[in-house]
Structure formats: C-alpha cells, structure tokens
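As structure tokens, the structure follows; a few thoughts come after it.
The values are calculated or read from the model by the stated rules, or taken from the named source; none is laboratory data. All values reported here derive from a predicted model rather than from experimental measurement. Cβ placement follows ideal geometry from the backbone for every residue including glycine, while neighbour counts extend to all protein chains displayed. What goes into the accessible areas is simple: the full protein's heavy atoms, side chains included, and nothing from ligands, DNA or RNA. Shrake-Rupley method; radii C 1.70, N 1.55, O 1.52, S 1.80 Å.
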Amino acid sequence: MKKNSRISIVAICALGLSLNSFAGNKDRTGQAGAPEMSINPWAQSTGLFGMNGSYIGGAEAMKTNVGGLAQTTGTDLGVSHGVYLTGTNIDINNIAVAQKIGDAGVVGLNIMSMNFGDITKTDYFNPEGYGTYHPTFLNVELGYAKQFSTHINAGAAATYVSEQVGNINALGLAFEAGIQYVTGKRDNFHFGIALRNLGTNMRFSGTGFSVDADKPQASPEFAVSEQYPSDKFSMPTYLNIAASYDLFLDEHHLKSTDSVPMHKLSIIANFTSNSFNNDYLGLGLEYGFRNMIFLRAAYRYENGIGTDNSTTMYLGVALGITAQKRLGEKGPMLAIDYSYRPTERPANGVHMFSLRFSR
C-alpha cells in the first residue's frame, strides 16, 4: 500500500473516532476552563472564523491547524493585536515565528497573552473597592510540522498554559495535532483536520484562597489559616474539519499552472465539534486579486444563535481583509491583515490586526 494511502486511511479512522468522542454536549456547556485556548489571535484566520484550516500556512497555522506550519519555506514572523469585546479593556497580544530546517521539517513558536486591564478589588468589608488587580493569561506554544509528500502536511504542538488572577494561579499543558491534504489539477482542493487542546486538568490555587478564622472550640486569640483551592477543570477540546475549493476565474488566460491568477475565489466549508460547547457549522468565501488583496466573509452557525437561548456572544458573521506585497522580485513578503466580528450588546465586536513577514 502506498504511503499516501496509509496516511489517508489513518486520518479517516481518526476522524470517525473523534466525532464520536467530541460531539457537542449541551449538558457540558460552560464546564471547561482556559477559554483563551479557543481564541485565535490572527486577523487572517478570524476574518473567516478560523475556517481556513484546510489551507492555512506559516506560523499562523499553529492557532488553527498546526499541519499548515509545514508550508513555511524559510522564515515566517508575525505579530498581532486584538481588541476583544470593544469597551471591556480586554486586549490580546501575540507573536510567532516559524523556521524551516532543511528536509527535517519546520519548527514554530507562538506566544499569546490576554490582559484584562485594571479590575477593582472588593470584599465584604469594602464593597466600594480598595485597589485594583491585573489578571493575565499566557499561552506558549511550540510546534513541529513536516511535508510528507507534495499532497500531505502534518504536525503536532504542545502549549504551556498559565492563568494568573491576583495571588492565585492555574497551570496546564495542552497538545494538538493536524493534517492537511491538497489535490486537484491546480492543487485547488484542500482538506484539513485538527484536534486541539487535549490536555491536563487545571486548578486554581494560591494564597488568594486562604481564609483566616477562629478555630472552633478555641480561644478567640487562636486563629487558623486554611486554603480552599478551586475544583479541577478541563481544557476546551475541539475537533475542526475544513475543506475548500479554489476557483481561478481567469484560468483560461493563465500561461501555466504556476502562474499567479488575477482573480481567485475560494469556497470554504467547516465543521467544529466542541466537547464543552455547541458544535459549529460554517461557510465562507475568500476573494484574492493578484495575490495582493484578499477579501473575506464567513458565517458560522451554532444552535440557538441570534435567539434568547444563545450561548455565544457572536452574531455569526466575520469579515476580513489582507493587503500584501513582495519586497523585490525575490524579496520577503509583507502582509497586513484586519478582521471584524460583531457581537451582542453591550460589547461592540472583536477587532484583530496582524502584521506578517515571510521569506
């Protein structure tokens, strides 16, 4: 049996098992922790709600489908900033780098942090507040991917998770894997599967859970300090399945299969099976002009969206744009991305900005 066939069979089997294991369960909604593990900080991907897992490449792929990391041909560097729920003072900052190491594959590093601004401290004796604290979430991801053939990319990654809220914290470790398959006359059919956030349970602990109280049946002068750590919680594990088909609108005018099309339209379909939330089903479009300007639009459906029973803040719509240009005939590529996803009130949507550099 050919190597490509064996890999395809393994992927199909993994898909079947994962669908049974991670189908959305409304009874478990909201029971997972580490919600930042489900947040994509890249504007190129979020302009499609992360539905581009079938063809995403470079360092950005580590937050969608780590298999796409194998598409890096040299060095890929990116930074991004997100204004999460405008008006809440929640910011997302992200930096990533990927480097191809000859025929050995590609390694990547992604560091993402979430800052929640200054939050006023309150307690029973000070309901009006007596100072501030600054919660910070940090994710550090290390990934590896390799191109196993001209049609198949695969990769895996591990993420260190740290959540600090005042003088309590929680630590964890998550793993993920992804595969991409491309075929077609012009390599214009793409398929991708990614299983993300399989990890250790997490628990908050620290001196913030300490309680000073008089010991029962003892004199008032004798006090005891006890800690009451939080219960354990799981990572927000999910399985993402994506497919896309590229239409070259000026195909008859292209001189060869390597020619850059003037107009390209990608039709995208995506299904996400969440273990602790509703499942997602989405469709998207991406239009590219001369590989310089890209416009994106997508809609993601989940049970109850837009109704009083909705469990999501999003309205289902995502929009994005990219402008990129190669600096010189054989120079590096510089790209600027922006995306917007409207949300329910009182928040005013999620804005993402990215700057990418690749060579």
Handout entry: Selected residue [touching a helix residue (DSSP H, G or I) at 6+ places or on another chain (Cβ under 9 Å) and open to solvent by 60 Å² or more (accessible area, probe 1.4 Å)] from Q71, Q44
Key = Q71
Handout entry: Residue match in segment 261-275 (condition: within 17 Å of the chain's Cα centre (by Cα) and β-branched (V, I, T))
Key = yes
Handout entry: Pairs where the first residue, in segment 84-99, is under 20 Å from R345 (Cβ atoms) and the second is buried (at least 17 other Cβ atoms within 10 Å of the Cβ) and of a type in the set (A, V, I, L, M, F, W, C), C-beta under 7 Å, 6+ apart
Key = Y84/I90; Y84/I92; Y84/V350; L85/V350; I90/M114
Problem - Qualifying position, being under 18 Å from A154 (Cα atoms) and touching a Phe, Trp or Tyr at 6+ places or on another chain (Cβ under 6 Å), among E60, E36 - result: E60
Practice task
Can you tell me which residue within segment 281-298, out of those that are in a strand (DSSP E or B) and of a type outside the set (A, V, I, L, M, F, W, C), is farthest from G320 (Cα to Cα)?
Solution key: G282
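For every residue, the table says whether it meets (1) touching a Gly at 6+ places or on another chain (Cβ under 9 Å); (2) closer than 16 Å to N65 by Cβ; (3) modelled with pLDDT of 90 or more.
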site	(1), (2), (3)
A145	yes, yes, yes
F148	no, yes, yes
G155	yes, yes, yes
E163	yes, no, yes
G166	yes, no, no
A170	yes, no, yes
N188	no, no, yes
Handout entry: Qualifying positions in segment 286-320 - under 18 Å from the mean Cα position of the chain (by Cα) and of a type outside the set (G, A, S)
Key = R296, Y299, R300, Y301, E302, T312, M313, Y314, V317, L319
Problem - Among the candidates S219, S225, residue that is farther than 30 Å from G68 by Cβ, polar (S, T, N, Q) and either outside any strand (DSSP E or B) or at pLDDT 90 or above (or both) - result: S219
Completion exercise
In segment 315-324, anything without any contact (Cβ under 8 Å) to a residue 60 or more places away in the chain and surrounded by 13 or more Cβ atoms within 10 Å (Cβ to Cβ) is listed as L315, G316, V317, Q324
Exercise for the section: Report yes if some residue within segment 121-136 is more than 26 Å from L281 (Cα to Cα), assigned to a strand (DSSP E or B) and touching a residue at least 40 places away in the same chain (Cβ under 8 Å); otherwise report no. Expected result: no
Handout entry: The listed residue being modelled with pLDDT under 95, assigned to a strand (DSSP E or B) and aliphatic (A, V, I, L, M), out of V97, V83, V79
Key = V83
Handout entry: Residues located in segment 50-94, provided they are among the aromatic types (F, W, Y) and closer than 15 Å to A318 by Cβ
Key = Y84
Practice task
Being open to solvent by 40 Å² or more (accessible area, probe 1.4 Å) and outside any strand (DSSP E or B) is the filter here, so list the residues in segment 139-165 that pass it.
Solution key: F148, T150, H151
Practice task
From the list F204, F175, pick out the single residue that is at pLDDT 95 or above and closer than 22 Å to V140 by Cβ.
Solution key: F175
Exercise for the section: Could you look through segment 239-249, keep only residues that are out of contact with any Gly (no Cβ under 9 Å at 6 or more places or on another chain) and open to solvent by 20 Å² or more (accessible area, probe 1.4 Å), and pick out the one that is modelled with the lowest pLDDT? Expected result: L249
Practice task
Report whether or not L198 is at pLDDT 85 or above, closer than 30 Å to A174 by Cα and touching a Leu at 6+ places or on another chain (Cβ under 9 Å).
Solution key: no
Problem - Hey, S339 closer than 25 Å to Y238 by Cβ, over 19 Å from the mean Cα position of the chain (by Cα), open to solvent by less than 50 Å² (accessible area, probe 1.4 Å) and not hydrophobic (A, V, I, L, M, F, W, C) or not - result: no
